[in-house]
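The following block contains the structure, expressed as structure tokens.
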Amino acid sequence: MKQLKSLLIAALLFVGASQTVSAQAKVAHINVSELMTNMPEMKAANAQLEKLGKTYDTEYNTMVDEYRNKIKKYEAEATTVSDAVNDTRQTEVQDMRARIEQYQQTASKELQTKQEEIVKPILEKARLAIQKVAKAKGYQYVLDSSVGSGVLLADGPDLLADVKKELGF
């Protein structure tokens with residue numbers, strides 16, 4: 001009877017331990033920043049954003065050059081014109097400065113909006129590929145192991161190569 005009781009307790013402990021082991025979730029990690037950087041779509045998006053940024057920079061630099069030239073001209077002529085003309089010119093220069101600042105803010109917002117618009121579908125494509133690979137390999141959780149993501153140790157399975165293969169690069 002004592003042996004049967006011991007055997008029953010051992011069996012219960014074994015069943016409990018096996019349930020604990022099977023209840024543990026499978027976890028993998030992937031460096032999403034590295035994945036996004038290597039995606040061909042992201043490289044094309046960055047080129048497009050860089051081109052747009054250069055267009056904004058060129059226009060901004062043209063405006064600033066015009067502003068500086070006007071200031072130089074007005075400073076050189078300040079002693080030879082009336083106070084009324086100088087006041088008008090000062091107002092004109094202040095308006096130009098305000099337009100330049102407004103342009104800079106607008107260009108920055110437009111560039112940020114364009115970046116979000118371009119990157120969102122690429123990020124969604126990456127997310128779907130990560131989910132597909134994780135499900136195929138039986139992982140319940142996938143952590144982002146990018147620097148600064150909060151993952152302190154990424155020693156488990158890395159899905160980067162599999163997701164790249166899924167995306168075709």
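The values are calculated or read from the model by the stated rules, or taken from the named source; none is laboratory data. Just so it is clear, the model here is predicted, and its values are computed rather than measured. Here Cβ is always computed from backbone atoms with ideal geometry, including for glycine, and neighbour counts include all displayed protein chains. Only protein heavy atoms, including side chains, enter the accessible area calculation; ligands, DNA and RNA are left aside. Shrake-Rupley method; radii C 1.70, N 1.55, O 1.52, S 1.80 Å.
Being over 30 Å from residue 51 (Cβ atoms) and open to solvent by 70 Å² or more (accessible area, probe 1.4 Å) is the filter here, so list the residues in segment 69-90 that pass it.
72, 73, 75, 76, 79, 80, 83, 87, 88, 90
Also, quick follow-up: For segment 107-118, name all the residues that are among the hydrophobic types (A, V, I, L, M, F, W, C) and open to solvent by 90 Å² or more (accessible area, probe 1.4 Å).
Hits for segment 107-118: nothing passes.
Can you name the residue in segment 27-54 that is open to solvent by less than 80 Å² (accessible area, probe 1.4 Å) and among the β-branched types (Val, Ile, Thr) and is also nearest to residue 103 (Cα to Cα) among such residues?
32
Could you pull out every one of the helices (runs of 4 or more DSSP H) wholly within segment 32-145 that has 2 or more residues that are more than 32 Å from the chain's Cα centre (by Cα) and in contact (Cβ under 8 Å) with a residue 40 or more places away in the chain?
Passing ranges: none, list empty.
Go through (1) within 13 Å of residue 107 (Cα to Cα); (2) open to solvent by 80 Å² or more (accessible area, probe 1.4 Å) one by one and return the number of the condition residue 24 breaks.
(1)
Which of the residues that make up segment 119-144 are within 28 Å of residue 48 (Cβ to Cβ), in contact with a strand residue (DSSP E or B) (Cβ under 8 Å, 6 or more places away or on another chain) and open to solvent by less than 50 Å² (accessible area, probe 1.4 Å)?
The one that is within 28 Å of residue 48 (Cβ to Cβ), in contact with a strand residue (DSSP E or B) (Cβ under 8 Å, 6 or more places away or on another chain) and open to solvent by less than 50 Å² (accessible area, probe 1.4 Å): 130.
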